[in-house]
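Engineer: Mind looking over this structure? Questions follow.
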Amino acid sequence: MLFVDGENFTIRGQRYASDADIKLYDGPHFRKNRYLWIPGHRPLTPFRNLDTLHWWAVRAYYYTSIDGDENSVTSAEEELWGLGFTPRVFKKARQEDKAKGVDICLTKDMLSHAFLDHYEVACLVSGDGDYVPLVEEVKRLGKRVTCLFFPSQGLNPKLKLACDDCCDIEGYFKEMWEKYSPAICDSPKLL
């Protein structure tokens, strides 16, 4: 199963894109400060060019929080669902707040699915060291945990060491964002 801390991934991905001169096009794969994903990659398919991630996910969750009204939340949920995710979108109380619901919900889902034996490998898309106890507990339940993140953008060294494997997403992220034009990015059905 794939578990994406969308807040963490979006913030760090936007920073990486800026540093690497990658143009992020507003569309189904990117809404500034709301969510970000990789064009050309459906979350339930293997990651090409990442040797250790050749498995197929049985479920993919994307967790994020956004500011705005309920219509904004619903719109983000529909867009993430359209990309192939089970969306978990929380409304921020204020624009500068980070919703606690993201970390708590991701932790609950990853741990409960491990306990119920719904997966063999969890792929955690985050660089946040707060997930170290979660990773250790999931491994204690006999599951493998792979971390997928941007090493140059704040991958916590304790998280890297806690996981069974850690994959650098930077090259793949850059390749896919440079490969797809805004016209393709606007149509997830072409992927």
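Read-outs throughout are calculated quantities, based only on the coordinates presented, and are distinct from any laboratory measurement. Predicted model only: the values in this text are computed from it and were never measured. FYI the Cβ positions are ideal-geometry reconstructions off the backbone, even for glycines, and counts take in every protein chain you see.
Engineer: Can you return the lysines within cross-link range of residue 174? Criterion is Cα-Cα under 25 Å, with same-chain partners fewer than 8 residues away left out.
Structural biologist: Qualifying lysines at Cα under 25 Å: 23, 32, 160, 189.
Engineer: Show me the trypsin sites (Lys or Arg not before Pro) within region 72-147 that DSSP assigns to loop and that have at most 11 other Cβ atoms within 10 Å of their Cβ.
Structural biologist: When the trypsin sites (Lys or Arg not before Pro) of region 72-147 are filtered for loop state and at most 11 Cβ neighbours within 10 Å, 94 remain.
Engineer: Counting other C-beta atoms within 10 Å, and keeping those with at most 15, which DSSP coil GluC sites (Glu not before Pro) do you find in region 84-158?
Structural biologist: 96, 120
Engineer: Please list 3J(HN,Hα) in residue order for region 109-118, calculated via the Karplus relation 6.51 cos²θ - 1.76 cosθ + 1.60 where θ = phi - 60°; whole Hz, with x for glycine and proline.
Structural biologist: Listing the rounded values in order: 5, 5, 6, 5, 5, 5, 4, 7, 6, 7 Hz.
Engineer: Sequence-distant or interchain residues sharing an amide H contact under 5 Å with residue 59, placed H: which?
Structural biologist: 2
Engineer: Also, quick follow-up: Below 11 angstrom from the Cβ of residue 80, what's the summed charge of the other residues (Lys, Arg +1; Asp, Glu -1)?
Structural biologist: 0
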